[in-house]
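The values are calculated or read from the model by the stated rules, or taken from the named source; none is laboratory data. All values derive from a computational prediction rather than experimental measurement. Cβ placement follows ideal geometry from the backbone for every residue including glycine, while neighbour counts extend to all protein chains displayed. These accessible areas exclude ligands, DNA and RNA; they are computed on the full protein's heavy atoms, side chains included. Shrake-Rupley method; radii C 1.70, N 1.55, O 1.52, S 1.80 Å.
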Amino acid sequence: MRSKSLALIAVSTGLAVAMTACGANTSTGGGTTSDTNTNSGSGGAKVGVILPETASSARWEGFDKPLLKKALEAEGLQADIQNAQGDVQKFSTLADGMINAGVKVLIIATPNSEIGATVAKKAEAQGIPVIDYDRLNLGGSSKYYVSFDNEKVGELQGEGLLQGVAALAAGKKPAEIIEIEGAPTDNNATLFYNGQQKVLKPKYESGDLKLVQSQPIDNWDNQKGGTTFEQILTGNGQKVDGVVAANDGLAGAVITVLKKYGLNGKVPVTGQDATPEGLQAILRGDQFMTVFKPINDQAEATAKLAAALAKGDTAAADAQATGVTKDTKGNRDVKSVLLPAQLITKDKVKTVVDAGFVKATEICAADLAAVCTELGIK
């Protein structure tokens, strides 16, 4: 399940203009290819980019959009970047507009694999190569995929949960775990889950941990995630010793419920995307960890791949996409660029700031000034 990661990269209380695989943004959400960020650059090949939504994660508008724009322009390409706002019909309409406008490459991060496969088929019928960005479209035909090693991301979440349980629920056996997963239609969410289970399943089987319930959340909907978590929590007598939340947006929804029952800070909660909100929650002790995925690296890798494809240089593209991802529905291997991610706990938040992913001013709010100073975040 992101982002979800991430143009303003700022978030303050009640205003999210940054990054989940889940927040608010600065997009106008228009429905044509001339709405925002159209044909930047001068004279280079046109490249179309369609991002999926903004409701589940602010990463798309706050990070991916500006970083892709910068990276594509650095390669001498004209970037038309749009957001479908979670609407599959709008996604299709945007794609049709870009195809008709003669883009040389189409980069898509789709709401679901079905619409992604349909769009890729249309584009390729017109000789336009397609790159699946961040999310692989199962059953599709895109020849290239750029993302992070998403199963490894899930493993990091599992490892983070175990660290949190050891720190906050040491000695309790079995520790009771609730899993709030990403959208079942998002292949990334499946990969995150698979990675988590590599780490957690042996602990469930040994009796060290007890799985209360694992529940995927349609559309990565934070509100639904919070409601679902509360139902599971109350059904278990308000008992929980750890929560796997698939990204920072869902983690925030879980934390809101934990606060209601006086459990925040007492229960480790995982996350993903290193959003400003998520990092603040970690500094406050309400969230135990997140996963840092350097989206600038993802954007730059995508831009280099697009530049090669725009020139028709498949050999250069293949030289960059040295990894392979299995399309389990299409029973095919997709040439991939798979980037590493990093587990971030409280003592590692400075790493994200030092990397320039977020600014200290975005996360060191008044109540966090002292902890930021203690951790050398400035």
Residue among Ala58, Ala79, Ala101 that alone is over 19 Å from Glu114 (Cβ atoms) and surrounded by fewer than 19 Cβ atoms within 10 Å (Cβ to Cβ)
Ala101
Sole exception among (1) at pLDDT below 90; (2) within 17 Å of the chain's Cα centre (by Cα); (3) open to solvent by 50 Å² or more (accessible area, probe 1.4 Å) for Thr32, by number:
(2)
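So in region 208-252, with the set limited to residues that are β-branched (Val, Ile, Thr) and either at pLDDT below 95 or surrounded by fewer than 23 Cβ atoms within 10 Å (Cβ to Cβ) (or both), which one is farthest from Pro111 (Cα to Cα)? Outline the logic, then answer.
Initially, region 208-252 is screened for residues β-branched (Val, Ile, Thr), giving 212, 217, 227-228, 232, 234, 240, 243-244.
Going one step further and asking which of them are either at pLDDT below 95 or surrounded by fewer than 23 Cβ atoms within 10 Å (Cβ to Cβ) (or both), we end up with 212, 227-228, 232, 234.
Numbers: Val212: 29, Thr227: 22, Thr228: 21, Ile232: 27, Thr234: 31 Å.
Here the residue is Thr234.
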Does Thr302 satisfy the criteria of being within 29 Å of Gln196 (Cα to Cα) and in a helix (DSSP H, G or I)?
yes
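For region 304-315, enumerate the residues that are under 22 Å from Lys293 (Cα atoms) and open to solvent by less than 70 Å² (accessible area, probe 1.4 Å). Steps first, answer last, please.
Our first condition is that a residue be under 22 Å from Lys293 (Cα atoms); within region 304-315, this holds for 304-306.
The answer is Leu305, Ala306.
This table checks each residue for (1) among the small types (Gly, Ala, Ser); (2) touching an Asp or Glu at 6+ places or on another chain (Cβ under 6 Å).
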site	(1), (2)
Asp297	no, no
Lys304	no, no
Gly312	yes, no
Thr322	no, no
Asp327	no, no
Val334	no, yes
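Please pick out the residue among Asp286, Asp318, Asp273 that is among the acidic types (Asp, Glu), touching a Lys or Arg at 6+ places or on another chain (Cβ under 8 Å) and crowded, with 24+ Cβ neighbours inside 10 Å.
Asp273
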Return only the number of the condition from (1) within 25 Å of Val358 (Cβ to Cβ); (2) over 17 Å from the mean Cα position of the chain (by Cα) that Phe63 does not satisfy.
(2)
Is it fair to say Lys90 is at pLDDT 95 or above and surrounded by fewer than 17 Cβ atoms within 10 Å (Cβ to Cβ)?
no
Spot the failing condition for Ala167; the list is (1) in contact with a Pro (Cβ under 9 Å, 6 or more places away or on another chain); (2) farther than 23 Å from Gly235 by Cα; (3) buried (at least 20 other Cβ atoms within 10 Å of the Cβ); (4) of a type in the set (A, V, I, L, M), and only one is missed.
(3)
Subset of region 254-270 that is of a type in the set (Ser, Thr, Tyr) and open to solvent by 10 Å² or more (accessible area, probe 1.4 Å) - its residue that is farthest from Gly76 (Cα to Cα)
Tyr261
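Of the residues in region 354-374, how many are assigned to a loop (DSSP other than H, G, I, E, B) and open to solvent by 50 Å² or more (accessible area, probe 1.4 Å)? Outline the logic, then answer.
Looking only at region 354-374, we keep the residues that are assigned to a loop (DSSP other than H, G, I, E, B), and these are 355-359, 364-365.
Narrowing further to those that are open to solvent by 50 Å² or more (accessible area, probe 1.4 Å): 355-356, 359.
Qualifying residue count, region 354-374: 3.
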Among the numbered criteria (1) among the charged types (D, E, K, R); (2) part of a loop (DSSP other than H, G, I, E, B); (3) in contact with a strand residue (DSSP E or B) (Cβ under 8 Å, 6 or more places away or on another chain), which one does Lys173 miss?
(3)
